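The block underneath contains the structure these notes are about, expressed in structure tokens.
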Amino acid sequence: MAAATPKPVDAVIVGFGWAGSILAMELTEAGLNVVALERGQNRDTYPDFAYPKVIDELTYAVRGKLFQNLSRETVTIRHAPSDRAVPYRQFGAFNPGDGVGGAGAHWSGVHFRITPDELRLRSHYEERYGKGFIPDGMTVQDHGVTYDELEPFFDKAEKVFGTSGKANNINGTIVGGGNHFEGPRSDEYPLPPLKNVYSAELFAKASANLGYHPYPLPAANASGPYTNPYGAQMGPCNFCGYCGGFGCYMYSKASPNVNILPALRLKPNFELRANSHVLKVNLDGTGKRATGVTFVDAQGREIEQQADLVILSAFQFHNVRLMLLSGIGKPYDVASGEGTVGKNFAYQNMGTVKAFFGPDVHTNPFIGTGGGGQAIDDFNADNFDHGPLGFVGGSPCWVNQSGVKPIAGLALPEGTPKWGATWKKAAKDYYAHTLSADAHGSNMSYRDCFLDLDPTYRDIHGQPLLRMTFDWKENDIKMTRYVVGKLTEILKSMNPKEVSVSVKKFGDHFDVRNYQTTHLVGGAIMGADPRTSAVNKFLQSWDVPNVFVIGSSAFPQGTGYNPTGMMAALAYFSAHAIRTDYLKSPGPLVPV
Amino acid sequence: MSRAPSLERTRGALLAAGLLSAAPAWAQAPPADEVERGAYLARAGDCVACHTAPGGRDMAGGLPFALPFGTIYSTNITPDARTGIGTYRFEDFDRAMRKGVAPDGRHLYPAMPYPSFAKLTEADMRALYAYFLKGVAPVDQPNRKNGVIWPLSMRWPLALWDAGFSGKPFEADTTKDADWNRGAYLVEGLGHCGACHTPRGIGDQEKALDDRGALFLAGGPVVDGWIAPSLRGEAGTGLAGWSQQEIARLLKTGRTDHAAVFGSMTDVIRHSTQYLSDGDLQAIAKYLKSLPPAGDAPLAEPIVADKTAEALHAGDLGRPGAAAYVDSCAACHRTDGMGYAGVFPRLAGNPAVLQKDPTALISVVLKGSTLPATATAPSSFTMPPFGDRLSDQDAADIVNLIRNSWGNQAPLVTDRDVKSVRRQ
């Protein structure tokens, strides 16, 4: 059914999570007429996340009310190019978002930057360890942008998010109290760190005793009342433990809904259209210029929205899929290694260690906050000598107690029966006396880990699903086994009654059934060379310069840190380039 | 308090003091564009609030007012010639605004606060006229027939009402400075604050129209389940504990470090006061702060020794309402009733909590409350409604705990009070 064609706009934004809301705010501030299209429904703290209805593990964390509706659209997954991919039909390994706020409404709130070395990962490893250190088939790259270039935008994102944390290095001066390994910051965090739960306190003490460098996890969960530069306000976190998978009823967790939309929706040159699913970006006859997008509205009508500027700011893999569906850039070809769109799909690599204490150590795991805790970076990035270890990458390690909920269940020592009187006794003995720590590891990119369009499966609109080809590689398993070993030593030094370790074994395949993280990256990677990257350092398509592709899709490989802070800084960096240069003279911001 | 006998003398005095040039200081800031100035004044008068139906076109009327004697509808005040006020001459406009009399001689119902608007200067009236005739988009929308029951549907008695209760042009008080007079002019005049905040007499008239009346702004009746508290200097229930800055900030943003607006005032801030200049807001606040307590209200609240915070914090939930308070209220308002500065209002010492009439507090507990999104404070924090989770007795227990903890002292409520608010 045809619908009236809406008025052309200056910029159309596809997807209204963090990336979309940041670009919408920046471009609206620049005076452009902006329309944002969000495929999911409209959502706000009230009524959608109101207390007490949002404190419902079954509805939100288990059944995924805020996650993408997999019955309409999903991805297919296979381990190797020779396998047949099958659809991801139930939530397991990752939970992409849906609706206004996107994954930014249901994230936990851990808010990192990136280490300066990781922005030039290949160059850095080659300089320190020699040209041959990075194995064949590992296609890691430099981002093509420096930490100093991004620093003002990391700072801006922290101020918008109201991030709680402690700086260690301000403009090269060591002020102490924060992360020993961090790159220089221009300013403190806008809010002081969240209070430590007891288990974080134990972790900090134990790791300091072993000579490591504990620091408060930077959290976009407000440690106090806060007003951000847009005038949007946050309430203080009360440690209820319902962050990841949930919307925050306290206005404490940073989200597009809390931190950006209140100010944005007052602007007359901005319009947000929910229930508007974009099918593709339309290109003109040359294929070098986008004319807008075609979307399906809530009534199922196909509508064309013309725009001078198209911002793809959907979830990581949707950005890649839209590029492939629209013919933007050259699709990656695994056989030849040529083409860029879909290349370098990467992830993260988790290991977990749990300590079980006696009745006198009260860790009260029902208390928690999504982004808070204590971490060490001694085994993250290249903060330790990789030479003798023979792998690339690392893991920050932390206690990030985010509220153990009843259905996901409680962890018990290995060997405990799964039911019956012995299980009950163990549950009673250990529930309130358990500490869980993670090695939140990096995942490198590889020649045969990539994204393309599935030849078989289609979504509700008849378009091919995106196909993931992905598996764990020896380098990353070596890395996680090494760091989890170190983490186990830390937990054992706390003298628990029992320790249980969950770590990948050599030969393990990617198992989509168990939650890992939702930190999927790559596929539309940034870089300095159009032959090896899909977008330039301003996240502008090399091929269609009035299309910008904002998201963790731009990361050339997976870092140990959570990606949101880095993604938000890239969004502000890109928006700044659009405002200061592109709008004056639309065209490629980096000469091809 | 003495008033100058005439406007001219006031102007003379102020002129002599060098406070103004041509216009009186309290009628300050005439920008070049009369229409623009009229638009500002229309916002100060919040005309759009009553003259726009939900989802309707601005100023086209149709908003129902359910009054005890029937339902009346606001009228179309766009410059549409057929259905609006497009054919009004300035004199017609002026008479309707000041006297409540339409060009055809019909008397307007005093839901239109013409006794307050009678205070306007002629220059301001002309600016408003310019705005309504040239700055508002005409809308062809016939007025709705009022549903007023006989004999009150007869309009001629309104003339008597008008004769008895009509307002007079503003006269400055020479003993006060220009800011105070500007504040008085706005509060008593266009702002028509008394329409909600002044108690009403037997003829539904406001009991006072300016600061010479001791009951002016001393707190109004319950309207739509809300109560407009006193804006005078009573401790606890009034503005004694508020600074001039806090009053101005509330009018600009709907919130202060300790308080948040609720009820119909949210719309007043959204549509009207957020747009006022900082100077005008300070003037209003200064004027309100000058109003002494009504009657024999105490000047300061007695300090009450109270252990509620300690008990709740220690998990002692024996007192009625304590467990429900900790479960549903304390996350934001805290066990010490202090809230969080600027985001979640304080309950300790909050005038909205301490009103003798508990209607507003019960309404907030049952129905929730949303802050207005304003240009300088865009976050529309919402307290969710708890009415579906609480029995009448539960709600009464919570309200009693809030009204009698952390130094608060206010009369107890019963489940029947809750039931009656629930029905509204």
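The values are calculated or read from the model by the stated rules, or taken from the named source; none is laboratory data. These numbers come from a predicted model, not from an experiment. Backbone-built Cβ (ideal geometry, glycine too); neighbour counts: all protein chains shown. Heavy atoms of the whole protein, side chains included, go into the accessibility calculation; ligands, DNA and RNA do not. Shrake-Rupley method; radii C 1.70, N 1.55, O 1.52, S 1.80 Å.
Given charges of +1 on the Cβ of Lys and Arg and -1 on the Cβ of Asp and Glu, with all other atoms neutral, how large is the dipole of the protein assembly as shown about its Cα centre, in debye to the nearest 20?
On the way: 97 positive and 101 negative charges, 319 e Å.
The dipole of the protein assembly as shown has a size of about 1520 debye.
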*Along the positive direction of the dipole of chain B (beta-carbon charges: Lys, Arg +1; Asp, Glu -1; about the Cα centre), which of B:178, B:192, B:60 reaches farthest?*
B:60
*Return the average number of partner chain Cβ atoms within 10 angstrom of each residue Cβ along peptide B:337-345.*
4
*asked:* Can you list residues from other chains, or at least 5 along the same chain, whose modelled amide H is less than 5 Å from the amide H of residue A:292?
replied: A:282, A:307
*Using label points projected 7 Å from each Cα along Cα→Cβ, tell me how many nm separate residue A:149 and residue A:501, to one decimal.*
4.1
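Give me D for chain B in µm² s⁻¹, whole number, from Stokes-Einstein with Rh from the Kirkwood sum over alpha-carbon pairs, 25 °C and 0.890 mPa s. Spell out each step's value before the answer.
Details: Rh = 22.9 Å.
The calculation lands on 107 µm²/s.
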*Considering only protein heavy atoms, what is the solvent-accessible area of residue B:200 at a probe of 1.4 Å, reported in Å² to the nearest 10?*
70
*Got a sec to turn the phi values of segment B:87-95 into Karplus ³J(HN,Hα) couplings, 6.51 cos²θ - 1.76 cosθ + 1.60 with θ = phi - 60°, whole Hz, x for Gly and Pro?*
8, 5, 7, 4, 5, 5, 4, 4, 5
*Over 19 Å between Cα atoms, which of A:267/B:367; A:156/A:253; B:176/B:207; A:343/A:505; A:166/A:195 qualify?*
A:267/B:367; B:176/B:207; A:343/A:505
*Residue-by-residue Karplus 3J(HN,Hα) for segment A:217-228, coefficients 6.51, -1.76, 1.60, Hz, glycine and proline x*: 4, x, 10, 8, 10, 5, 7, x, x, 8, 10, 8
*For chain B, with +1 on Lys and Arg beta carbons and -1 on Asp and Glu, the positive-most of B:41, B:362, B:407 along the dipole*: B:41
_What's the whole-number percent of alpha carbon pairs in segment A:427-494 lying beyond 13 angstrom?_
75
_What's the magnitude of the charge dipole for chain B around its Cα centre, counting Lys and Arg as +1 and Asp and Glu as -1 at the beta-carbon? Answer in Debye, nearest 20._
640
*Over segment A:95-223, how many percent of alpha carbon pairs lie in each 5 Å bin up to the one with the longest distance?*
2, 10, 14, 17, 16, 17, 13, 8, 2, 0
_Cα centroid of segment A:476-534 to Cα centroid of segment A:328-398, whole Å_ = 5
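If each DSSP helix of 4+ residues adds -39,500 (n - 2.57) and the sum is divided by the residues in chain A, what number results at 222 nm, nearest 500 deg cm²/dmol? Please report the intermediate quantities before stating the final value.
On the way: 11 runs with 115 residues, N = 592.
Dividing the helical sum by the residues of chain A leaves -6000 deg cm²/dmol.
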*Quick one: which residues, 5 or more positions from residue A:457 or on another chain, have an amide H under 5 Å from its amide H? H modelled 1.01 Å from N in the peptide plane, none for Pro or chain starts.*
A:465
_Those lysines that a straight Cα-Cα span of less than 16 Å connects to residue A:65, excepting residues fewer than 8 apart in one chain_ = A:53
*Just name one of A:115, A:134, A:145: the one whose Cα is farthest towards the positive end of the charge dipole of segment A:99-178 (beta-carbon charges, Lys/Arg +1, Asp/Glu -1).*
A:115
_Förster radius 56 Å - calculated FRET efficiency between residue A:529 and residue B:271, Cβ distance, rounded to 0.05_ = 0.50
*Determine Rg/Rh for segment B:308-423; Rg is computed over alpha-carbon atoms and Rh is the Kirkwood hydrodynamic estimate from the same atoms.*
0.96
*Comparing B:183, B:45, B:295, which has the greatest mean-square fluctuation in the GNM of chain B with Cα pairs linked when under 10 Å apart?*
B:295
_How large is log10 of I(q)/I(0) for segment B:23-144 at q = 0.10, 0.11, 0.16 Å⁻¹ when the intensity is taken from the Debye formula with one equal scatterer per alpha-carbon?_
-0.29, -0.35, -0.75
*aspartates and glutamates with Cα under 16 Å of residue A:428, excluding same-chain neighbours fewer than 8 positions away*: A:360, A:414, A:498
*Amide H contacts under 5 Å for residue A:521, placed H, 5+ residues apart*: A:346, A:347
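Reported to two decimal places, what Rg/Rh ratio describes chain A when computed on Cα atoms with Rh from the Kirkwood expression?
Working: Rg = 22.8 Å, Rh = 24.0 Å.
The Rg/Rh ratio comes out at 0.95.
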*In a solvent-free Debye calculation with one equal scatterer on each Cα, what is log10 I(q)/I(0) for the protein assembly as shown at q = 0.05, 0.10 Å⁻¹, listed in the order of the q values?*
-0.38, -1.21
*With label points built 7 Å along Cα→Cβ from the Cα atoms of residue A:131 and residue A:456, find their separation and express it in nm.*
4.3
*asked:* For segment B:164-321, compute the orientation-averaged projected area of the C-alpha convex hull (one quarter of its surface), in nm².
replied: 12.0
_Nothing charged except the Cβ atoms of Lys and Arg (+1) and of Asp and Glu (-1): what's the magnitude of the dipole of chain A about its Cα centre? Round to the nearest 20 debye._
1260
*Once phi is turned into ³J(HN,Hα) by the Karplus curve 6.51 cos²θ - 1.76 cosθ + 1.60 with θ = phi - 60°, what whole-Hz value does each residue of segment B:220-231 show in order, with x for glycine and proline?*
x, x, 6, 10, 6, x, 10, 10, 8, x, 5, 9
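Quick check: convex hull of the Cα atoms in segment A:456-592, volume per residue, rounded to a whole Å³? Kindly include the intermediate steps, with their values, before the conclusion.
Values: hull volume 24.6 nm³, N = 137.
Looking at segment A:456-592, the number lands at 180 Å³ per residue.
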